[in-house]
1. Can you report the number of residues in the range A:213-239 which are under 19 Å from the mean Cα position of the chain (by Cα) and away from chain B (no Cβ under 14 Å)?
2. Looking only at the range B:30-46, decide whether some residue is in contact (Cβ under 8 Å) with a residue 60 or more places away in the chain and open to solvent by less than 10 Å² (accessible area, probe 1.4 Å).
3. Could you tell me which numbered condition A:Leu144 fails, if it satisfies all but one of (1) out of contact with any Gly (no Cβ under 7 Å at 6 or more places or on another chain); (2) open to solvent by less than 20 Å² (accessible area, probe 1.4 Å); (3) within 14 Å of chain B (Cβ to nearest Cβ)?
4. Quickly run through the range A:114-138 and pick out the residues that are open to solvent by 10 Å² or more (accessible area, probe 1.4 Å), hydrophobic (A, V, I, L, M, F, W, C) and not in a loop (DSSP other than H, G, I, E, B).
5. Looking at A:Ala293, is it more than 22 Å from A:Ala208 (Cβ to Cβ), surrounded by 14 or more Cβ atoms within 10 Å (Cβ to Cβ) and either touching a Ser or Thr at 6+ places or on another chain (Cβ under 8 Å) or modelled with pLDDT of 95 or more (or both)?
6. Filter the range B:30-62 down to the residues that are under 14 Å from the mean Cα position of the chain (by Cα) and within 14 Å of chain A (Cβ to nearest Cβ) and list them by number.
7. Among the candidates B:Glu62, B:Glu108, which residue alone is over 24 Å from A:Ala154 (Cβ atoms) and among the acidic types (Asp, Glu)?
8. Counting only residues that are away from chain A (no Cβ under 11 Å) and not acidic (Asp, Glu), which one in the range B:68-112 is surrounded by the most Cβ atoms within 10 Å (Cβ to Cβ)?
Amino acid sequence: MISGVGMTELSSHSDQSELGLAVSAVRAALEDAELEADAVDGFVSYSYDRVGIGPLQRALGVPELRLFAEVPYGGGASCGTVAQAAAAIDAGLASCVVCFRAMKGRSGTRLGRAERHLETEGGALICRGARVPGGVFAAPSGLLSPAQTMALWAHRYAYDQALDRDRLSEALGAIAVTQRAYAQTNPRAVTRGRPLSMEDYLAGRMIASPLRVYDLCRESDGAAAVVVTAPRRSSRRAARVVAASQHLFPYSDPLPVYPPDITRLTTEREVGDLFAQARVSPSAIDVAIIYDATTIAVLLTLEDYGFCPRGGAPEFLTDGQHGPGGLLPVNPHGGLLSEGYVHGLNSVIEGVRQVRDEADNQVPGAGLALITVRGAVLLLGVEG
Amino acid sequence: MTFTAPIVPDPEGLSAVYWDAAQQERLLLQRCTRCGQAWHPPSEFCPFCQASEFEWIDATGEGVIHSYTVAHHAAHAAVEVWIPYTILLVDLVEGPRMIGRLLDAPGEPAIGTPVRLRFERYSDLKVPAFVVHARGGSSCTARRRQRRRRRGTGAPIQEHHTRVSPRPCPGQ
């Protein structure tokens, strides 16, 4: 179960180091769990994280670690770290595992830009490796950012569903506008005080067609941490991990462009296994937290998980079914688009808050939350 | 047109074989000698049947647009000179999918449009890219390939090239 969560302030420029941010978030999560640092015996971090587990252990005063692991492939580690921690606890490898992500994602290395993929050598700009975007089969052709890669998904989706550009923009805009509205009542959101209308959305600068600036998440400085423990460790109300899994299919690491169908971020088998493991159907989900590096990922995920029929997401979205009072509220914290971007771990925390009935935009009676990202998924329920 | 390439690949292993051939304006694909399927990007193992026996084949360079985006924002200063530019995913007639720029058609292309390989030539680097396929036309690359076919199998493939000659780039 998840017994505690913690986050730092999200900003465009933090004065703290990444280690300092990590320490603040983990301390907040341990306090939330009513645990001391000496209770921790495991860390699971993102492979992308620049904070080492060893330095974090020393900074927090954790006497002994029995589990330490990293989860690869970017944002998939948001749910992926928690899935690993829960599995390790079930297997008896550890009893209190902290998942964390700390990043200076706006003032430091920006994941939305290409500098991280390229090196300057002898006056030339060099790319290496085969990753997409940024590797030797992508960067020389100018495929340099996740947004450009996801734009390829969006155009293919529109083609497959015979959706014209205006309808596609309305659907994607409905995600951006609704999530920005949610963020106006979230005190942590970096976009609080800056609401967005559909007119604003449509007037937004085109970044990589069909994606506009408002289709992209808000790079941020900040850290988040989640404490996973065995049941009944905490005296506080906790979130129960009903089901958790990681998932990789050929060429889905990290952003699919080579699989036959680039409009599916998971497989039917993965989704079927998840709902079978949890013994529920998609209609039992009260709130969905969907990894929204860009809006198109939300649209595709709604169909992947059976919340809409194939091709049905645009209508679902333009009807506002993802908004307050809709069939399935999605990202009520504002998501990575509007709360800010701690590589998705902040969204995992929103899922925990929802089932603990303490979210800023609480979905009434949220007993079951789906938290999903390309590469991993969590189903959280109310403890007890 | 001659540019200095903004971003130079530094490939390893089989990727270096691919890039060396590209400098001879050849687009190489691997084809499994067990199951017969072709693949890209390069890999030691067939992604279809996992065999490790393969041969390199010259792609025809013909394909159709699987998807695209027009980049209006430079994700790195080095590509500002290109803005706006079109990135394609192309399904080659041999089966594999690859990434390349669309060179000759400004604006938004249509998915499903036939395209043909044309190497983008910088002063010291050639990068596989595409042009919209004009029926009945014959690109320079296609003519060159035909000449090479008449001569034989083309230049031998270098196995141990480590770097595609980097040069200073203006975007720095």
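1. Keep residues of the range A:213-239 that are under 19 Å from the mean Cα position of the chain (by Cα), which gives A:213-228, A:239.
If we keep only those that are away from chain B (no Cβ under 14 Å) too, we end up with A:217-218, A:220-228, A:239.
Of the residues in that region, 12 qualify.
2. No, that holds for no residue.
3. Failing condition for A:Leu144: (1).
4. Across the range A:114-138, the qualifying residue is only A:Leu118.
5. Details: more than 22 Å from A:Ala208 (Cβ to Cβ): no; surrounded by 14 or more Cβ atoms within 10 Å (Cβ to Cβ): yes; either touching a Ser or Thr at 6+ places or on another chain (Cβ under 8 Å) or modelled with pLDDT of 95 or more (or both): yes.
In short, no.
6. As a first pass, look at the range B:30-62 and keep what is under 14 Å from the mean Cα position of the chain (by Cα): B:30, B:39-42, B:57-62.
Result: B:Gln30, B:Trp39, B:His40, B:Pro41, B:Pro42, B:Ala59.
7. Of the residues listed, the single one that is over 24 Å from A:Ala154 (Cβ atoms) and among the acidic types (Asp, Glu) is B:Glu62.
8. B:Leu92
The values are calculated or read from the model by the stated rules, or taken from the named source; none is laboratory data. Being a predicted model, the structure only gives us computed values, none of them experimental. We place every Cβ from the backbone using ideal geometry, glycine too, and count neighbours over all the protein chains shown. Keep in mind that these areas ignore ligands, DNA and RNA; they rest on the heavy atoms of the full protein, side chains included. Shrake-Rupley method; radii C 1.70, N 1.55, O 1.52, S 1.80 Å.
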